[in-house]
Amino acid sequence: MEIKRGVAVSPGIAIAEVFLLEAEGVRIPEHFISAGQVEREVQRLETAMEQALGELEALARRVSDAAGATIAEIFSAHAGMLRDQYFREEFFERIRTKKYAAEFAVSRTMRQWRKVFQEDSFLATRVPDLDDLERRLLRSLLGAKREELGTLKSEVILVAHDLAPSQTASVDTERVKGIVIEGGGPTSHTAIIARALGIPAVVGVGSVTAELSGGDMVIVDGSQGLVIVEPDEETLESYRKRRSVSMQSGLILMEELRDQPAETMDGRRVHIMANIEFPREVPGAVEHGAEGIGLYRTEFLYLASDEPPTEREHFEAYMEAIRQLGGRPMIIRTLDLGADKFGGVHDVAVERNPFLGRRSIRYCLDHPEILRDQLRAILRVSVHGDVRVMFPLISSVDEVLQVRRMLDDLCEEFEQQGEDYDRDLQVGIMVEVPSAAVCAEMLAQHVDFFSIGTNDLIQYTIAIDRANEHVSDMYRPLHPAVLRLIKMTVDAAHDQGIEVGLCGEMASEVAYAILLLGLGIDHLSAWPAVILPQLKKAIRSVRYEDARALSEKIVNIQDADEATRIVMEFNKNVLPGLFP
Ligand code: PEP
Ligand code: MG
């Protein structure tokens, strides 16, 4: 038995045999052709494009049924590129004038487009789509049957160096029980789509494809970020038990707790909210008892098109979500592009240090027209429900003042045009940069709420790239520095009379719920929906006083492993059903 540690990106337990997806290095047999072969090559490429279009349309239909229209639009976007006359001519030009073989023309053209895309921080996020399209065309040209994950015969754990967005979105969820990826981080396309499909997944595991063989038995613990290879009988049994306990208790808990408040035994009320990427996730969240949406990651609107979303597209997506929320609150986070979004291991950001670069709110402040369109849409929907706006990656008071000014100007415009909007629109910020946590007491004077983004807060505090598999085992939510910054943020917010939520992945770990409660968090916003009843259960099983005592002890523990041990011990005592 061997235990490999990675980054937990999609919770749950899966046990099955490995299906190894080989790296798709494609060898191109010949590069150049003679003049007499030009028309034949053009014809071959036309046929390959037609075949690829047929595949993409079929995939879009299948995925639309399984995962919703927004994800399916990835394929429609690929098909759109293939139909684009300018794009097509580039390929044919190379065959006609440079006498390239069709495969070589495809690979050269794509290489050139990749360069163009990489030079633009918005387009750079679409490079994995180009790669995906290139592989599809080459496979079709070379006649090799593309490994379609949708046609698997038995239940498997999919192990790969990396998965293209379309591969992840097209997996057969009946057969693919878990996903293990060598590279990447929690915000790669793969991670996000795996979560949306409800498949347990661990990424950033390191060189597993060389070490595993098809047919090896593995356990994927998508909650702890573990991959257990050839588990012994005892481990297998314990995981089987945990899996069935969690499935059964999930259903029972959902029924039992859906309408119960998340309130401790001594009366401290917190709120359990859901994170979403797509409006279609709202009904599932509500069914599982979500009291609202604590984080709507709007950058996924970009998946649908190569252009930034228009005000109307923003508006329609938010309205779709609001209509299904029945008056519950929804926190819309403004666009948070850049760095690892959406590049994953394909990340090709042109900045030397993209995590410290022009990402997120910085990008939006540099492109105010993009932010304005989004804010206008938010103001418009604000009269249709309990809508709140939240700005990501704030690192100084000055940034808050800038975005508030922009919002004030837009409100002024609305007033002048006689358009209705919520005059009490709540404005919040994410605390996910250490400088914001340290200056929380200053920032709290300018906003209505905080939400702590532990995914980024942890990476910036411990200096651990959240998307880098080489340091993923150092990514420790219970590092005392992280916990102290959370506490500092909560205390500053409460001193100023504002609420503070937590919407990073840490909130989706039931094991941390009581600790976070003890640190004073007012709402936890988590995903996937099945976690929500468990979070409620945790809150309802403890006294606030005891949770506080636990958190006071844990912030003083020097070693994160020791802190984890103590927290787990506490959980086992108060929540034996969830932590057997
Ligand atoms: C976070 O950083 O914790 C967060 C919720 O934002 P994202 O994961 O989208 O960067
Ligand atoms: Mg973040």
### Query
To the nearest 0.05, how large is the calculated FRET efficiency for L152 and K553 if R₀ is 56 Å and r is the Cβ-Cβ distance?
0.75
### Query
Which of the trypsin sites (Lys or Arg not before Pro) found in the range 350-451 are in a DSSP loop and have at most 15 neighbouring Cβ atoms, other than their own, within 10 Å?
R352, R423
### Task
Rounded to the nearest 500, what is the 222 nm mean residue ellipticity of the chain from helices alone, with -39500 (n - 2.57) per DSSP H run of 4+ residues and division by all residues?
-14500 deg cm²/dmol
### Query
Once label points are set 7 Å from the Cα along Cα→Cβ at both D84 and E311, what is their separation, rounded to one decimal in nm?
2.7
### Query
Gain in length, Q43 to Q112, computed as 0.36 nm per residue apart minus the alpha-carbon separation, to one decimal in nm?
22.6 nm
### Summary
For the range 472-580 the trypsin sites (Lys or Arg not before Pro) that pass both the DSSP coil test and the at-most-15 other-Cβ-within-10 Å test are R543
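Normalise the Cα radius of gyration of the chain by 2.2 N^0.38 Å (N = residues in it) and let me know the number.
Taking N as the residue count of the chain, the ratio is 0.99.
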### Task
For each of M390, M217, M110, count neighbouring Cβ atoms within 10 Å of the residue's Cβ, then give the residues from fewest to most.
M217, M110, M390
### Query
Between L356 and R540, how many nm apart are label points set 7 Å from Cα along the C-beta direction?
4.7
### Task
Using a cut-off of 12 Å between beta-carbons, work out the net charge of the residues near R243 (Lys and Arg +1, Asp and Glu -1, R243 not included).
+2
### Summary
The long-range amide H neighbours of H523, using H built 1.01 Å from N in the peptide plane and a cut-off of under 5 Å, are H271, V500, G501, L502
### Query
How much FRET efficiency would the formula 1/(1 + (r/R0)^6) give for T235 and E93, where r is the Cβ-Cβ distance and R0 is 45 Å, rounded to 0.05?
0.20
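At a Förster distance of 51 Å, what's the computed FRET efficiency of A481 paired with D65, Cβ-Cβ distance as r, to 0.05?
0.65
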### Task
Count the DSSP beta bridges whose two residues both fall in the chain, then state the antiparallel fraction as a percent rounded to the nearest 5.
35
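Read-outs throughout are calculated quantities, based only on the coordinates presented, and are distinct from any laboratory measurement. Because the structure is predicted, anything quoted here is derived from the model rather than measured. Virtual Cβ from ideal backbone geometry, glycine too; neighbours counted across all protein chains shown.
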